[in-house]
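K.L.:
I am attaching a structure below and will ask some questions about it afterwards.
What follows is calculated from the coordinates using simple rules that are stated; it is not laboratory data. Quick caveat: nothing in here was measured; it's all calculated off a predicted structure. Ideal geometry is used to build each Cβ from the backbone, glycine not excepted, and the neighbour counts take in all protein chains shown.
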Amino acid sequence: MADKTMTAEEVVSRLASGMTLGIGGWGSRRKPMALVRALLRSGIGDLTVVAYGGPDVGMLAAAGRIRRLVTAFVTLDSVPLEPHYRAARERGGFELTEVDEGMFQCGLRAAAQRLPFLPVRAGIGSDVMRVNPDLRTVTSPYADGETLVAMPALRLDAALVHVHRADRLGNGQCLGPDPYFDDLFCEAADAAYVSCERIVDTAELTKAAVPQSLLLKRLAVTGVVEAPNGAHFTSCAPEYGRDEEFQRRYATTPWPEFAARFLGADEAAYRTAVEVWRTERQR
């Protein structure tokens, strides 16, 4: 079985402009931010991004890398509407496909199962159908004859997710209270890249862990990146919470200024810039 470990830069070297890219996590929670930052340091753009959006979407939108966004929301959680996303949307920086959270999940599930769509009740009777005129309905072939939304599969060229532990083969473990839909992102993608807080031996993944925590299976994972604190400034509970102070700095700083100071040449430079800023705040 192959060793799938790689660097964030090697992951980005396998991506390309024009791809459909899924990004796991939820809002400002357990986002693969080290991988997103590596992507921002590249020249890759013209992306269709599929995400329950947070600062990943905000940064990519502010940097002009998104052509189309498929999402159910874009939030920083403690800041209800992601400000850089909002600014990019207001200036018409990308196309938007906005659907219900349950519809989004069904789209990922359909892609994971290699189905063209899945029927779902969500969306019926709402403006989702009006603002997404390409959506279609289907009628149940059974006695109920119910009309349902045919949510199309959200097929991905690549997916980026972040978990707590992974082995070198691509098995991933989530130790937090909510797995979100990171497994579906990986299964819906042609290639899935997983960053983790720590790479461990396979045997360690099963120690004192409930089976449900073994979220990602190696067959759905292409590459593994060890990225301690790789979700910063989003949360990665129980490892660490959201860095609210730094998130406020991000939310209130024009993107060019924020990127110039904090993006850096690599992840080590990013961490150094954050620590310098934190020291300045404490003076």
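K.L.:
Pairing the Cα long axis of helix 267-282 with the longest principal axis of the chain, what angle in degrees results, from 0 to 90 and rounded to the nearest 10?
P.N.:
Computed tilt is about 70 degrees.
K.L.:
Still on this model: With axes computed from alpha carbons, what is the tilt in degrees of helix 101-112 against the longest principal axis of the chain, rounded to the nearest 10 within 0 to 90?
P.N.:
Relative to the chain, helix 101-112 is tipped by roughly 90 degrees.
K.L.:
Rank by packing, highest mean first: peptides 150-159, 73-82, 86-95, 24-33, with packing defined as the count of other Cβ atoms within 10 Å averaged across residues.
P.N.:
Answer by packing, highest mean first, reads 24-33, 150-159, 73-82, 86-95.
K.L.:
Continuing with this model, one more query. For region 222-283, what does the relative contact order come out to in percent, with C-alpha contacts under 8 Å and a separation of six or more?
P.N.:
So the answer I get is 15 percent.
K.L.:
Going by how many other Cβ atoms sit within 10 Å of their own, how do E257, E187, E226 line up, fewest first?
P.N.:
Going from least to most buried by this count: E257, E226, E187.
K.L.:
How large is Rg over Rh for region 124-283, taking Rg from the Cα atoms and Rh as the Kirkwood inverse mean of 1/r across Cα pairs?
P.N.:
In region 124-283, Rg relative to Rh is 1.09.
K.L.:
Also: What lysines sit close enough to K207 to cross-link, taking a C-alpha to C-alpha distance under 20 Å and skipping anything fewer than 8 places away on the same chain?
P.N.:
Straight-line reach from K207, under 20 Å: K217.
K.L.:
Treating the beta-carbon of each Lys and Arg as +1 and of each Asp and Glu as -1, no other charges, what is the dipole magnitude of region 1-77 about its Cα centre, to the nearest 20 debye?
P.N.:
Magnitude of the dipole: close to 100 debye.
K.L.:
Further question: Quote the relative contact order of the chain in percent (integer), defining contacts as alpha-carbon pairs under 8 Å separated by 6+ residues.
P.N.:
It comes to 20 percent, rounded to a whole number.
K.L.:
Which of the aspartates and glutamates could a cross-linker bridge to K4, judged by Cα under 16 Å and excluding same-chain residues fewer than eight apart?
P.N.:
Leaving aside aspartates and glutamates fewer than 8 places away in the same chain, those within reach of K4 are D167, D190, E197, D201, E226.
K.L.:
Please work out the Cα center distance from region 246-283 to region 42-105, rounded to the nearest Å.
P.N.:
The distance from the Cα centre of region 246-283 to that of region 42-105 comes to 21 Å.
K.L.:
Let me have the 222 nm mean residue ellipticity of the chain computed from DSSP H runs of 4+ only, each contributing -39500 (n - 2.57), with the sum over all residues rounded to the nearest 500.
P.N.:
Dividing the helical sum by the residues of the chain leaves -8500 deg cm²/dmol.
K.L.:
Starting with the fewest neighbours, write out T206, T222 ranked by other beta-carbon atoms found within 10 Å of each beta-carbon.
P.N.:
T206, T222
K.L.:
Multiply the residue separation of R136 and R68 by 0.36 nm, subtract the distance between their alpha-carbon atoms, and state the gained length in nm to one decimal.
P.N.:
Result for the pair: 22.5 nm of gain on full extension.
K.L.:
Once you place label points 7 Å from the Cα toward the Cβ at L81 and K217, how far apart are they in nm?
P.N.:
According to this spin-label approximation, the distance is 4.1 nm.
K.L.:
Taking every pair of alpha-carbon atoms in the chain, give the share separated by more than 30 Å as a whole percent.
P.N.:
I get 29 percent for the Cα pairs in the chain exceeding 30 Å.
K.L.:
Something else about it: For I66, I23, which order do you get if you count the other beta carbons within 10 Å of each Cβ and list the fewest first?
P.N.:
With the sparsest Cβ surroundings first, the list reads I66, I23.
K.L.:
Classify region 1-64 as rounded, prolate or oblate, taking a ≥ b ≥ c as the square roots of the eigenvalues of its Cα gyration tensor: rounded when a/c is under 1.5, otherwise prolate if a/b is larger than b/c and oblate if not.
P.N.:
Judged from the Cα gyration tensor, region 1-64 comes out oblate (a/c at least 1.5, b/c at or above a/b).
K.L.:
Name the trypsin sites (Lys or Arg not before Pro) in region 159-243 that are in a loop by DSSP and that have at most 13 other C-beta atoms within 10 Å, would you?
P.N.:
K207
K.L.:
Moving on to the next point. Using amide H atoms built in the peptide plane, which far-off residues or other-chain residues are under 5 Å from F117 H to H?
P.N.:
Amide H neighbours of F117, under 5 Å, 5+ apart: A153.
K.L.:
Could you check the spin-label model distance between R278 and R14? Points 7 Å from the Cα along Cα→Cβ, value in nm.
P.N.:
Distance between the two pseudo-spin positions: 3.1 nm.
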